[in-house]
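Engineer: Structure provided below as structure tokens; questions to follow.
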Amino acid sequence: MWLIAASAFVTVYLALLGLSVVALFFLVVTLFLGFFFRDPQREIPDGEGLAVSPADGKIVEVRMVSKSEFAPEEMLKISVFMSIFNVHVNRIPTEGTVTGVSYHPGKYFSANLNKASSHNERNAVSLEILGGRRLVVVQIAGLIARRIVCKIRQGDRLRRGDRFGMICFGSRLDVYLPPDTQPAVSVGDKVWAGTSVLGRLA
């Protein structure tokens, strides 16, 4: 990415100028950016009706919700908090067709707080999944995150585990699943994008 390339260029330039201390600082920055923007391959589990985590991180919420911004009807909400040390590439929980992508400006509360779901900057991806049911994945900016990336559009047909975007520097993903989904995680569990099963669709 351009941030890594720019930081590496500055590092080399400063080193050639003999500014070793400053060059060392930018070398550390370059290594951190390379670590942050890593995108490892993942083994996507097989099995009908599985919904996998859209992000690496920790489960911070598992509950039924209704009459909310993204769940006018009753749905199971599972939230994943990503620290700056997690892989930040986001993946689709289960196969389906994108029926809508909507961006919502907002604030930048810490993403591990539940109020971040309704107050922070966010981007919602709605899918029509197995049996004509609805699933929503919401990318939520965090305290220091300032950029949400989403590379899919309405009408795209996606497979479980497909990459669809990322959020820079700490954030949160909310997943709204059909109400008859059997959750496979609990608050406090660590999960990995595309690999960890969040729940099983009935």
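Engineer: Which condition from (1) part of a loop (DSSP other than H, G, I, E, B); (2) in contact with a strand residue (DSSP E or B) (Cβ under 9 Å, 6 or more places away or on another chain) is the one that residue 76 breaks?
Structural biologist: (1)
Engineer: Another question, if that's okay. For segment 146-182, which positions are touching a strand residue (DSSP E or B) at 6+ places or on another chain (Cβ under 8 Å), farther than 23 Å from residue 58 by Cβ and free of Cβ contacts under 8 Å to residues at least 40 places away in the same chain?
Structural biologist: Scanning segment 146-182 gives a single hit, 151.
Engineer: Restricting to segment 126-154, name every residue that is crowded, with 20+ Cβ neighbours inside 10 Å and outside any strand (DSSP E or B).
Structural biologist: Of everything in segment 126-154, those that are crowded, with 20+ Cβ neighbours inside 10 Å and outside any strand (DSSP E or B) turn out to be 142, 145.
Engineer: I'd like to know if segment 90-102 contains one or more residues that are β-branched (Val, Ile, Thr), part of a loop (DSSP other than H, G, I, E, B) and assigned by TED's automatic domain parsing to the domain that holds residue 69.
Structural biologist: yes
Engineer: Out of the residues in segment 44-73 that are under 14 Å from the mean Cα position of the chain (by Cα) and in a loop (DSSP other than H, G, I, E, B), which is surrounded by the fewest Cβ atoms within 10 Å (Cβ to Cβ)?
Structural biologist: Selected residue: 56.
Engineer: Follow-up question, since we're still on this one. Go through (1) in the same structural domain as residue 158 (by TED's automatic domain parsing); (2) within 19 Å of residue 167 (Cβ to Cβ) for residue 64 and report which single condition fails.
Structural biologist: (2)
Engineer: Something else now. Out of curiosity, is residue 115 surrounded by fewer than 18 Cβ atoms within 10 Å (Cβ to Cβ), in the same structural domain as residue 76 (by TED's automatic domain parsing) and at pLDDT below 95?
Structural biologist: yes
Engineer: Just give me the residues in segment 155-167 being surrounded by fewer than 19 Cβ atoms within 10 Å (Cβ to Cβ) and outside any strand (DSSP E or B), in sequence order.
Structural biologist: Answer for segment 155-167, where residues must be surrounded by fewer than 19 Cβ atoms within 10 Å (Cβ to Cβ) and outside any strand (DSSP E or B): 155, 156, 159, 162.
Engineer: For segment 112-150, name all the residues that are closer than 21 Å to residue 52 by Cβ and in contact with a helix residue (DSSP H, G or I) (Cβ under 9 Å, 6 or more places away or on another chain).
Structural biologist: Result: 122, 138, 140.
Engineer: Something else: Name every residue in segment 118-162 that is of a type in the set (Val, Ile, Thr) and modelled with pLDDT under 90, in order of residue number.
Structural biologist: Within segment 118-162, 144, 148, 149 meet the criteria.
Engineer: Also, quick follow-up: State whether one or more residues within segment 174-184 are buried (at least 18 other Cβ atoms within 10 Å of the Cβ) and of a type in the set (D, E, K, R).
Structural biologist: Looking for residues that are buried (at least 18 other Cβ atoms within 10 Å of the Cβ) and of a type in the set (D, E, K, R), one finds at least one in segment 174-184, hence yes.
Engineer: Test of understanding: among 102, 110, which residue is under 19 Å from residue 190 (Cα atoms) and either small (Gly, Ala, Ser) or touching a Ser or Thr at 6+ places or on another chain (Cβ under 6 Å) (or both)?
Structural biologist: 110
The values are calculated or read from the model by the stated rules, or taken from the named source; none is laboratory data. What you see is a predicted model, and the numbers here were worked out from it, not measured in a lab. Cβ coordinates were reconstructed from backbone atoms using ideal geometry, including for glycine residues, and neighbour counts include every protein chain displayed.
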